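The values are calculated or read from the model by the stated rules, or taken from the named source; none is laboratory data. The structure displayed is predicted, hence computed values, not measured ones. Note: ideal-geometry Cβ built from the backbone for every residue, glycine included; neighbour counts use all protein chains shown. These accessible areas exclude ligands, DNA and RNA; they are computed on the full protein's heavy atoms, side chains included. Shrake-Rupley method; radii C 1.70, N 1.55, O 1.52, S 1.80 Å.
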Amino acid sequence: MRRRQHTPLPVMPPLAAALAEPAVTAPPHPRPAAPSEILAPVASDPAEAEREAALAGLFEVHYASMLRLAVLLGADDPENVVAEAYYQLYRKWRRLRETGAAEAYLRSTVCNLTRMRIRHLQVARRHVENPPLPDDAVASAESTALLHDDQRVLIGALQQLPARQREALVLRHWLGLKESEIAAAMGISCGSVKTHTARGIAALTKAMETRR
């Protein structure tokens, strides 16, 4: 089957470029400990040792990208979201086993946890008298450091989109996933991925044009 070519977004700055992995500045506090340090006691059998070693490797390789994913999806506490995702991966490891499946599970879990967190905050904010704080006010210093100034404008517009549209755009244009991989991460069909992506591009383009 002939593979469809990706057409750049008609927005300034281009989405793929603006969401490209930014340079990471040194965080203001030590990096979180790997799962092998905080999630379980010292392994007493070869299978447990293998699990901890694999999880530690996944932590080293994917922690930064999963943190950025949570930031781009709009999580107000991305570090906790990613920590919870790794903890769930630790519990499910015996079913996954393969590193490729583990990475996909992490992506899907970060998406689900962020979506749930945003819904929870929306409900909570309806029951308080004070207006909600701006997104920049609740973002952690480490999360903010992950984004350049020119990216924050686009991220602000991106986070105004419905959750599904935002997820589809981030997974497609930042992570560069295939439609089938996006569908698996979001728990929807490939047809729905196309719909959310197209609507998200249209809405984001309109939002960026109004900011000019």
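What the table below lists for this structure:
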item	result
All positions within the stretch 67-80 that are open to solvent by 10 Å² or more (accessible area, probe 1.4 Å), part of a helix (DSSP H, G or I) and not polar (S, T, N, Q)	68, 71, 79
The stretch 90-103, subset of a type outside the set (Asp, Glu) and out of contact with any helix residue (DSSP H, G or I) (no Cβ under 6 Å at 6 or more places or on another chain), residue modelled with the lowest pLDDT	97
Whichever residue in the stretch 64-88 is without any contact (Cβ under 8 Å) to a residue 40 or more places away in the chain and touching a Leu at 6+ places or on another chain (Cβ under 8 Å) and, among such residues, is farthest from residue 164 (Cα to Cα)	84
